[in-house]
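Undergrad: I am attaching a structure below and will ask some questions about it afterwards.
Derivation of every value follows stated rules applied to the coordinates shown; laboratory data play no part. Computed from a predicted structure; not experimentally measured. No Cβ is skipped: glycine too gets one built from the backbone with ideal geometry, and neighbour counts run over all protein chains shown.
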Amino acid sequence: MTTMAPELPIEVDKETGVWTTDALPMLYVPRHFFVNNHMAIEQEIGAVRYAKILYHAGYTSAWHWCEKEAELHGLEGAAVFEHYMLRLSQRGWGLFTIETFDLEQGVARVRLDHSAFVYVYGKVDRKVDYMFTGWFAGAMDQIQQARGHSLRTRAEQVQSAAEPGCDHGIFIVQPLS
């Protein structure tokens, strides 16, 4: 294993202990803590219901994140989405690669390698990275809104490395019909 220092700026307020990266406060927690909480909720209410709840929460959070980061860094359009995928990768959720991105059409295809969820779940014959789906649509829609466009999208995970025969995840963003 080759290691490196984090590539994202982290500041800690001496008085409050609040961690900040770029324009937003952050939490630094062990992966197992986060995923174990995720799994406990999933067991209690079911993966389908939990995925729906997380989609809407993630959509709103991604919208907010992209809005704040675009303002802080002077980004717009595809650069906001690229920055979002970079920061998600740098923060340990997995390695996100934009395979296709067409802002005019409101479509994207994102590949996920080394998912934090797959590391904990393992091969369980189902998609386990559903937490990310709302993030991609929320990001795309915030960028559209900032451009003055009313196009809205939805995202779906079509493949997970937790499924047999798959070594990475795939997410598709497309316009609402």
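Undergrad: Can you give the local net charge around T97? Use residues other than it whose beta-carbon is closer than 15 angstrom to its beta-carbon, Lys and Arg +1, Asp and Glu -1.
TA: -2
Undergrad: Moving to a separate point now. Check cross-link reach from K52 to the lysines: straight Cα distance under 28 Å, and skip same-chain residues fewer than eight apart.
TA: Those lysines meeting the cut-off are K68, K123, K127.
Undergrad: Largest first, please: the extent of the C-alpha atoms of the chain along each principal axis, to the nearest Å.
TA: Projected onto its principal axes, the Cα set of the chain covers 49, 41, 34 Å.
Undergrad: Roughly how many whole Å is it from the C-alpha centroid of region 32-56 to that of region 145-170?
TA: 18 Å
Undergrad: For labels at Q174 and R91 in the simple 7 Å Cα→Cβ model, what's the distance in nm?
TA: For Q174 paired with R91, the spin-label model returns 2.8 nm.
Undergrad: Please give the calculated 222 nm ellipticity per residue for the chain, where each DSSP H segment of at least 4 residues contributes -39500 (n - 2.57) and the sum is spread over every residue; nearest 500 deg cm²/dmol?
TA: Helix-only estimate at 222 nm: -14000 deg cm²/dmol.
Undergrad: Where in region 84-100 does the amide nitrogen come within less than 20 Å of the point 7 Å from the Cα of V29, taken along Cα to Cβ?
TA: Backbone N within reach: 88-95.
Undergrad: Per residue of region 72-78, in order, report the coupling 6.51 cos²θ - 1.76 cosθ + 1.60 (Karplus, θ = phi - 60°) as ³J(HN,Hα) in whole Hz, putting x for Gly and Pro.
TA: Each residue's phi maps through the Karplus curve to give 4, 9, x, 9, 8, x, 4 Hz.
Undergrad: Under 20 Å Cα to Cα from K14, which aspartates and glutamates show up? Leave out anything in the same chain fewer than 8 places away.
TA: Excluding near neighbours in sequence, the set is D22.
Undergrad: Rounded to the nearest 0.05, what FRET efficiency do C166 and D13 give with R0 = 35 Å and r taken as the Cβ-Cβ distance? Could you check?
TA: That gives a FRET efficiency of 0.25.
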